[in-house]
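Trainee: Questions regarding the structure given below will be posed in turn.
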Amino acid sequence: MPASPDHDGLPLVVDGLDFAWAPDRPTLHNCCLQIPRPGLWMLVGSNGSGKSTLLRLIAGLLQPKRGTILTPLHPAMVFQNPDHQLLMPTCGSDLQLGLPETLPPSQVERRVEELLTLVGLQGMATRPIHTLSGGQKQRLAIAGALAAEANLLLLDEPTALLDPDSQRDVVALIRDLCRQPKAPLTALWITHRLEELSHCDGAARMERGKVGPWQSGAKLVANLLPTGGGGG
Ligand SMILES: Nc1ncnc2c1ncn2[C@@H]1O[C@H](COP(=O)(O)OP(=O)(O)O)[C@@H](O)[C@H]1O
Ligand SMILES: [Mg+2]
């Protein structure tokens, strides 16, 4: 749904969202969230607090019982396990699948290489996907979202299955995409790895189906640690 004049220019406005998987057990209740500008925005929260449900609602994979989701952007999800979203045998064929149908066939090869280069997989169009590392697969999944012209990336613990080096590569890639001067992306990233919060433009805590206010990653980490500022 496009944003109303009130929310002109905001990448995402979530207002008064209610959702329940089971009757009488609300997962989200009057959940509100605004992303003020493009950038990398992170959500943390305990298991079952509703983070994945919220991302699926924003992606349009679920319908809310009540409330609105306003965005002028084109959302796409990136899941924890890239094997669940890479469908074709090679890097190139997988990206082709996501390209807009309006792209002239003569431009497909160039666009595929452009996308691979953007995520650090240049020259790998014919590479079988099963030969990629976990981090490379995750970067290919991100390229797939970009192939489909997504500019609101919804990342649900995208580094949870990765080794530390691949984890850093993926965070750095998303951070760079969110800071590119021409058409910076907006990313909403769920994590439970607190070290990732140092890369975000803002972080918020989700508890029992509600999102708290944005704060700096460092401040949120300080509040979460037992020795922190008593934020619990
Ligand atoms: N597919 C599902 N079917 C039924 N209940 C679900 C489903 N997905 C999540 N839930 C429930 O919704 C609540 C929130 O889950 P979730 O959004 O996955 O939280 P988080 O991502 O923060 O761990 C939990 O109580 C969970 O059991
Ligand atoms: Mg989850």
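Trainee: For the stretch 131-232, run through the trypsin sites (Lys or Arg not before Pro) and keep only the ones in DSSP coil with at most 11 other Cβ atoms within 10 Å of their Cβ.
Mentor: K182
Trainee: Do you know the relative contact order of the chain, to the nearest whole percent, from alpha carbon pairs under 8 angstrom that are 6+ apart?
Mentor: The value is 26 percent.
Trainee: Here's a follow-up. Order by neighbour count: C91, C200, C178, C32, fewest other Cβ atoms within 10 Å first, most last.
Mentor: C32, C178, C200, C91
Trainee: In what order do I129, I58 fall by count of nearby beta-carbon atoms within 10 Å, going from fewest to most?
Mentor: So the residues, fewest neighbours to most, are I129, I58.
Trainee: Report, by chain and number, residues whose modeled amide H sits under 5 Å from the one on E207, excluding near sequence neighbours (fewer than 5 apart, same chain).
Mentor: Here the answer is G212, since their amide H atoms fall under 5 Å of that of E207.
Trainee: Once you sort the root eigenvalues of the Cα gyration tensor of the stretch 6-88 as a ≥ b ≥ c, which label holds: rounded (a/c under 1.5), prolate (a/b larger than b/c) or oblate (the other case)?
Mentor: Note, shape of the stretch 6-88 comes out oblate.
Trainee: Which of the trypsin sites (Lys or Arg not before Pro) across the stretch 1-88 are loop residues per DSSP, with 16 or fewer other Cβ within 10 Å?
Mentor: K65
Trainee: Could you work out the longest stretch of the chain that avoids the GluC sites (Glu not before Pro) located in DSSP loops with at most 15 other Cβ atoms within 10 Å?
Mentor: The reported range is 1-100.
Trainee: Output ³J(HN,Hα) for the stretch 67-80: one whole-Hz value per residue in order, computed from phi by the Karplus curve 6.51 cos²θ - 1.76 cosθ + 1.60 with θ = phi - 60°, and x for Gly and Pro.
Mentor: Once rounded to whole Hz, the list reads x, 10, 10, 10, 8, x, 9, 10, x, 8, 8, 10, 8, 4.
Read the figures in this text as sums done on the coordinates, not as results from a lab. A quick note: this is a predicted structure, and the numbers were derived from the prediction, not measured. Counting neighbours? That spans all protein chains shown, and the Cβs are built from the backbone with ideal geometry, glycine included.
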